Amino acid sequence: MPIARPAASVALEGVELRVLQIPLVSPFTTSFGTEHVREVIVVRALTSDGEGWGEIVTGAAPLYSSEYTQGAWDVALRWMIPALLDRYTLAPEDVATMLRPFVGHRMAKAGLELAVLDAALRAESRPLGEYLGAVRTHVPSGVSVGIQHDPAALVEAVGGYLDEGYVRIKIKIKPGRDIADTAAVRDAFGAIPLQVDANSAYTLADLDTLAELDRFDLLLIEQPLQEDDLVDHATLARRLRTPVCLDESIVSEKAAVDAMALGAASVINVKAGRVGGYLEAVAIHDLCRDAGVPVWCGGMLETGIGRAANAALAALPGFTLPGDVSAASRFYARDIVTEPAVLEDGHVRVPTGPGLGVQIDPVALDDFTIARETVRR
Ligand code: OSB
Ligand code: MG
């Protein structure tokens, strides 16, 4: 158990789920598609000691992973929430164990666990950061930049983020939009901390193209191959000078152990949603720190709920590279929390209030809600 001091148990009376659609400040394009609106599920745990909030980071379509809004909505309402309500009194550390019989659906599990955890910590007036083992008050903020119309537009976008103070740039790449885009950013901005993310868009047949990226001195290349291509990632890693970082492939602590054993990853991106919760994320952090493998906190275009939790997670000592923990304004003109994350000298503050340490803006929450359902005991 990675957590030094467990949280108190809560009496779970019910769970409310909402589907939100929040407009993005600009379209976000990756190798798997373009999004104009973030569709996300917000979870409210209703306990005898108050409420707690979580976020299920699925997207509208199963493009980044097999999970998507309607699948998560169905499995949470039909199977997971009834299983939790059946127990009534539960500790946050028990949620993952209780949901383990249900195969996969890790983002749904993570969102439910976070809501219960937030409720328990708020009831104890205990900050999430302290609970998870945070050692920093502020975390360095990297930004993920989508594929733009052309390399010139990419340079313009990256320049804007550098002006804002982001300390590390990640650009999305895909076949045909890789070498020239990366070269343009390097030429324009010199030796900035720069990395690329392919979101599984390549195969080993693209080895020559991927090897060309070596000349740009990138911090890493994120998830060049498919989610289940661990052996191919190991083969690729032996042929590249650029460190290979895995995102989609790391679905659990076990997957991280296997990837490291195979030599498939020399860097790991940790996302609580992808691995089934913040406690599993801490376990992967601990594993990487003990093995000396660099690890950083990824993002899933979180609302203020997940963004607060990611800041807390990224403040753990093993997160040695800047994460995709950007200001809310990177994606949203209006957030659903009263104090959206801001950039201060290239960093985001780790909230210190009870639980997530952020307050929900009920008007914004209602304005973005397109569906809502509550299950009670
Ligand atoms: O691959 O890291 C990814 C967003 C959605 C799905 C997958 C990814 C991303 C990002 C954005 O790169 C990260 C962020 O929230 O800033
Ligand atoms: Mg990624």
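The values are calculated or read from the model by the stated rules, or taken from the named source; none is laboratory data. Keep in mind that this is a model prediction, so the values were computed, not measured. Every residue, glycine as well, gets a Cβ built from its backbone with ideal geometry; the counts of neighbours run over all protein chains shown.
The residue that is surrounded by the most Cβ atoms within 10 Å (Cβ to Cβ), among those in segment 32-64 that are of a type in the set (G, A, S) and in a loop (DSSP other than H, G, I, E, B), is G59.
Inspection of segment 346-365 identifies no residue that is in contact (Cβ under 8 Å) with a residue 24 or more places away in the chain and within 16 Å of ligand 2 (Cβ to nearest atom). Taking segment 332-367 as the range and being under 16 Å from L117 (Cα atoms), crowded, with 20+ Cβ neighbours inside 10 Å and not β-branched (V, I, T) as the test, the residues that pass are P351, G355, L356, G357.
The set of residues in segment 154-180 that are among the charged types (D, E, K, R) and more than 16 Å from ligand 2 (Cβ to nearest atom) comprises E156, D163, E164.
Would you confirm, using the coordinates I've provided, whether Q195 is within 16 Å of ligand 2 (Cβ to nearest atom) and either of a type outside the set (A, V, I, L, M) or in contact with a strand residue (DSSP E or B) (Cβ under 9 Å, 6 or more places away or on another chain) (or both)? So Q195 passes the test. Starting from residues that are under 13 Å from R136 (Cβ atoms), in contact with a Phe, Trp or Tyr (Cβ under 8 Å, 6 or more places away or on another chain) and of a type outside the set (G, A, S), keep the ones in segment 317-336 and report whichever is nearest to ligand 1 (Cβ to nearest atom). Step by step, filter segment 317-336, then rank; the result is P322. Restricting S141, S125 to residues that are of a type outside the set (K, R) and within 16 Å of ligand 1 (Cβ to nearest atom) narrows the list to S141. Only residues that are basic (K, R) and farther than 16 Å from L46 by Cβ were counted in segment 60-89, giving 1. Of the residues that make up segment 101-109, is at least one within 16 Å of ligand 2 (Cβ to nearest atom), at pLDDT 95 or above and within 20 Å of the chain's Cα centre (by Cα)? Yes, that holds for at least one residue.
Consider segment 236-255 and keep the residues that are assigned to a helix (DSSP H, G or I) and either in contact with a Ser or Thr (Cβ under 7 Å, 6 or more places away or on another chain) or within 16 Å of ligand 1 (Cβ to nearest atom) (or both). The one that is nearest to T203 (Cα to Cα) is A237.
Here the condition is being closer than 30 Å to R239 by Cβ and either away from ligand 1 (no atom under 12 Å from the Cβ) or β-branched (V, I, T) (or both); of G292, G277, G299, it holds for G292 alone.
Being of a type in the set (D, E, K, R) and at pLDDT below 95: is that true of R78 here? So R78 does not fit the description; no. Here's a check for you: in segment 289-311, which residue that is buried (at least 23 other Cβ atoms within 10 Å of the Cβ) and more than 12 Å from the chain's Cα centre (by Cα) is nearest to I41 (Cα to Cα)? Residue satisfying both the conditions and the ranking: G304. Taken over segment 66-91, the residue count meeting the criterion of being over 17 Å from E39 (Cα atoms), assigned to a helix (DSSP H, G or I) and in contact with a strand residue (DSSP E or B) (Cβ under 8 Å, 6 or more places away or on another chain) is 6.
Entry remark, segment 126-164: residues being under 16 Å from L194 (Cα atoms) and in contact with a Ser or Thr (Cβ under 8 Å, 6 or more places away or on another chain) number 6 in total.
Pick from segment 182-206 the residues that are of a type outside the set (S, T, N, Q) and touching a residue at least 60 places away in the same chain (Cβ under 8 Å): which of them is nearest to ligand 1 (Cβ to nearest atom)? Ranking the candidates gives D197 first. Take the residues of segment 130-154 that are of a type in the set (S, T, N, Q) and within 19 Å of the chain's Cα centre (by Cα): which is farthest from A309 (Cα to Cα)? Here the residue is S144.
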